[in-house]
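The values are calculated or read from the model by the stated rules, or taken from the named source; none is laboratory data. Given the structure is predicted, the values throughout are model-derived calculations rather than measurements. So basically every Cβ, Gly included, is an ideal-geometry build from the backbone, and we count neighbours across all protein chains shown.
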Amino acid sequence: MGIPRRNFLTTAILTLLDFDQPLVPLETPYEWMARKGMLNRRQYRDSIRGLRSRGYITLQKKHNGEFLKLTQKGALRILLEKAKVKKIGRWDGKWRVLIFDIPEDFHLARDNFRKLLKQNSFVKLQASVFISPYPLSRDAVTYLQKVNLYPFIRIMKVEEMDNDKDLRKKFNLGT
C-alpha cells in the first residue's frame, strides 16, 4: 500500500479520538492504524506533530505516559468532515436553498461554511444564496450550530422554481 494522503491521516487520527473522552493513550491510534497497514511510525509522528501545530489536539504527559486530547477546534474539524452529504439516489424534485448574512466577526467560520456548502454540492445562485438538489446532513446542521452560524442562515426546501433548466443540467437531473 502506498503512502496515504496527509488529509486522510489527519481525518483518520482525529476520528479515532473522542471529544467526550478526556485522554487517549498516544499509541492507541497508531496501533489501530498500523494493524490496518495504513502507516508507519514516522508517518504517525509527523501527523501528530501537524495536528498539534494546527491546534486540533494537545499532547499531555500523565502517569509515565503520553496522551492525546482532542481540542474544540479538532472536534469542529471532524464535524466538518462528517457533514459531507452523500448524494441521494433519486431526486425528490425539491431544491434546497440556503440564504445567509454572516457578520464580519465570523469571517473564518463563514469561509468554512462556504467550504461546507461546496462539499455538499451547493452552488452559488447569487450573492449569499446557494442551491442544491440535496439536503444538508444533520452533521452539517450540528456544525453550523456549534460554530454559532445557524442564527444567520435560512434553509428552504423549494418545490417550484421557474427557469431551472440550467441547474438541472448542472446537477445532471434531466428535464
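Worth a mention:
- Residue that is closer than 15 Å to Leu9 by Cα and more than 23 Å from the chain's Cα centre (by Cα), where the choices are Arg49, Arg42: Arg42
- Only one of the numbered conditions (1) modelled with pLDDT under 80; (2) within 30 Å of Leu144 (Cα to Cα); (3) assigned by TED's automatic domain parsing to the domain that holds Leu16 is not met by Lys87, and that is (3).
- Pairs where the first residue, in segment 101-130, is on the phi > 0 side of the Ramachandran plot and the second is outside any helix (DSSP H, G or I) and surrounded by 14 or more Cβ atoms within 10 Å (Cβ to Cβ), C-beta under 6 Å, 6+ apart: Ser121/Ser132; Ser121/Tyr134; Ser128/Phe100
- When every residue of segment 148-157 is checked against the conditions, at least one turns out to be on the phi > 0 side of the Ramachandran plot and loosely packed, with under 14 Cβ neighbours inside 10 Å.
- Residue identified as within 27 Å of Thr11 (Cα to Cα) and surrounded by fewer than 15 Cβ atoms within 10 Å (Cβ to Cβ) among Gln119, Gln126: Gln119
- Count of segment 92-133 residues, restricted to those that are touching a Leu at 6+ places or on another chain (Cβ under 7 Å) and either outside the structural domain of Asn148 (by TED's automatic domain parsing) or over 24 Å from Leu173 (Cα atoms) (or both), is 5.
- Filtered residues of segment 47-75 (kept if hydrophobic (A, V, I, L, M, F, W, C) and surrounded by 17 or more Cβ atoms within 10 Å (Cβ to Cβ)): Ile48, Leu51, Ile57, Phe67, Leu68, Leu70, Ala75
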